[in-house]
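The values are calculated or read from the model by the stated rules, or taken from the named source; none is laboratory data. Just so we're clear, the structure is a prediction, and the values are computed from it rather than from any experiment. Here the Cβ is made from the backbone with ideal geometry for all residues, glycine too, and neighbour counts use every protein chain on show. For the accessible areas, the whole protein counts, side chains as well, though only heavy atoms, and no ligand, DNA or RNA atoms are used. Shrake-Rupley method; radii C 1.70, N 1.55, O 1.52, S 1.80 Å.
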Amino acid sequence: MPGLEDLYREIILDHYRSPRNRGELESPPATRVEGFNPLCGDEIVVYLQLDDAGTIDEIRIAGQGCSISQSSASMMSAAVKGKTVDEVHDLTKAFKAMMSIHESSLDGGENTDDATGETDGIPDVKLGDLEALRGVVKFPVRIKCATLAWNTLAQGLDEAAADSA
């Protein structure tokens, strides 16, 4: 589907050229975490601020790297802002599942739990623009680029939870 691939490429380039939520937040009160991919040198800094209800009130992204890592960070920041920690965990699971090659998807089959709507334990979550990164799985070395911001965000959520406990 060349048309769809072109659209996905444009979404990725748009987020790379005009990143969303770029900048810094004062730390503290924001949680600041750094992620680094030693294989290619990509760097991501996530600034995260949760409100009292456990919702991502503010998020900012800084760092440098390839178009995939920086676009993924931009898309992630837009996707998680205003979501609860539980919603972010579900979105992260769904995104990472998309970034993985599952045997069931290679066979063309999926195991769906009718009670939860989950496929093989993966939450049924709409990924929106994040779908543009689906093609990255064709290049396994780039998967770490696409997931760097997500792993850094997970670390930030863990640190924010520890700080509030």
Filter the range 103-121 for residues that are assigned to a helix (DSSP H, G or I) and either aromatic (Phe, Trp, Tyr) or open to solvent by 70 Å² or more (accessible area, probe 1.4 Å) (or both); the one that is modelled with the highest pLDDT is Ser105
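Yes or no, residue by residue, for (1) of a type in the set (Asp, Glu); (2) open to solvent by less than 60 Å² (accessible area, probe 1.4 Å); (3) at negative phi; (4) assigned to a strand (DSSP E or B):
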| residue | (1), (2), (3), (4) |
| --- | --- |
| Gly35 | no, yes, yes, yes |
| Leu48 | no, yes, yes, yes |
| Ile68 | no, yes, yes, no |
| Ala73 | no, yes, yes, no |
| Gly82 | no, yes, no, no |
Conditions (1) under 13 Å from Ala73 (Cα atoms); (2) in contact (Cβ under 8 Å) with a residue 40 or more places away in the chain -> Cys40 fails only (1)
Just one listed residue, out of Arg22, Arg17, is basic (Lys, Arg), open to solvent by 30 Å² or more (accessible area, probe 1.4 Å) and without any contact (Cβ under 8 Å) to a residue 40 or more places away in the chain, and it is Arg17
The number of residues in the range 7-31 that are in a strand (DSSP E or B) and closer than 30 Å to Phe139 by Cβ is 1
inquiry  = Considering only the range 6-20, I want to know if a residue exists there that is at pLDDT 95 or above and touching a Phe, Trp or Tyr at 6+ places or on another chain (Cβ under 9 Å).
reply    = no
Restricting attention to the range 36-56, the residues that are of a type in the set (S, T, N, Q) and within 20 Å of Ala160 (Cβ to Cβ) number exactly 2
In the range 122-165, residues that are open to solvent by 70 Å² or more (accessible area, probe 1.4 Å) and aromatic (Phe, Trp, Tyr) total 1
Going through the range 133-150 in order, the residues found to be in contact with a Lys or Arg (Cβ under 9 Å, 6 or more places away or on another chain) and either more than 22 Å from Val45 (Cα to Cα) or free of Cβ contacts under 8 Å to residues at least 24 places away in the same chain (or both) are Gly135
Residue set Ile56, Ile44; condition within 22 Å of Val125 (Cα to Cα) and surrounded by 16 or more Cβ atoms within 10 Å (Cβ to Cβ); output residue Ile56
Residue hits (the range 46-84; of a type in the set (Val, Ile, Thr) and under 13 Å from the mean Cα position of the chain (by Cα)) are Val46, Ile59, Ile61, Ile68, Val80
